[in-house]
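Working notes for the structure below.
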Amino acid sequence: MKSVKFLSVVAAALAATAAFAAAPVKEVDSAKGKVLAGENGMTLYTFKKDVKGVSNCYDDCAKNWPPLMAASDAKADGAYSIIDRKDGTKQWAKDGMPLYYWVKDKKTGDITGDGVGGNWDLAKP
């Protein structure tokens, strides 16, 4: 009986760890096919002026393109990593490229930020 109880505790601990490890990203349908979205269902984008592991979107840029922030205890998961922003906060990235929302998207599947200024691309699964 003790071994069953121990295994139940271990399984619960692993499940809790897995919940913290997963990136807060899902796939949603858009007019251009499947795109990545945050837990809120809003489309995510990448910025052509970023480089792998580095965000170059701050100040006014970040007001219009809010970063997909990561909690201080978040853990990288597969293609999803966490980068350190110059302001000390953390941001999710896919394949090293930081992820952002666009303030003008209003509902799940909106992709109004795609191509803005020639610098923004849809984040794809």
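The values are calculated or read from the model by the stated rules, or taken from the named source; none is laboratory data. Nothing here was measured: the structure is a model prediction, and the numbers come from that model. In this analysis, Cβ positions are derived from the backbone assuming ideal geometry, glycine residues included, and neighbour counts consider all displayed protein chains. For the accessible areas, the whole protein counts, side chains as well, though only heavy atoms, and no ligand, DNA or RNA atoms are used. Shrake-Rupley method; radii C 1.70, N 1.55, O 1.52, S 1.80 Å.
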- Every residue from the range 85-125 that is open to solvent by 40 Å² or more (accessible area, probe 1.4 Å) and part of a strand (DSSP E or B): Lys90, Met97, Asp121
- Query: Has the range 66-84 got at least one residue that is at pLDDT 95 or above, over 10 Å from the mean Cα position of the chain (by Cα) and within 25 Å of Lys106 (Cβ to Cβ)?
  - Reply: yes
- Residue count for the range 89-123, restricted to those that are under 15 Å from the mean Cα position of the chain (by Cα), on the phi < 0 side of the Ramachandran plot and charged (D, E, K, R): 3
- Would you please name the residue that is least open to solvent (accessible area, probe 1.4 Å), looking only at residues in the range 41-54 that are more than 11 Å from the chain's Cα centre (by Cα) and more than 17 Å from Gly118 (Cα to Cα)? Gly41
- Of all strands (runs of 3 or more DSSP E) completely enclosed by the range 23-83, which ones contain at least 3 residues that are under 15 Å from Asp121 (Cα atoms)? 33-38, 45-47
- Message: Being more than 10 Å from Leu99 (Cβ to Cβ), open to solvent by less than 60 Å² (accessible area, probe 1.4 Å), touching a helix residue (DSSP H, G or I) at 6+ places or on another chain (Cβ under 9 Å) and small (Gly, Ala, Ser) is true for just one of Ala71, Ala62. Which residue is that?
- Response: Ala71
- Subset of the range 57-114 [touching a Gly at 6+ places or on another chain (Cβ under 8 Å), polar (S, T, N, Q) and under 13 Å from Val35 (Cβ atoms)]: Thr108
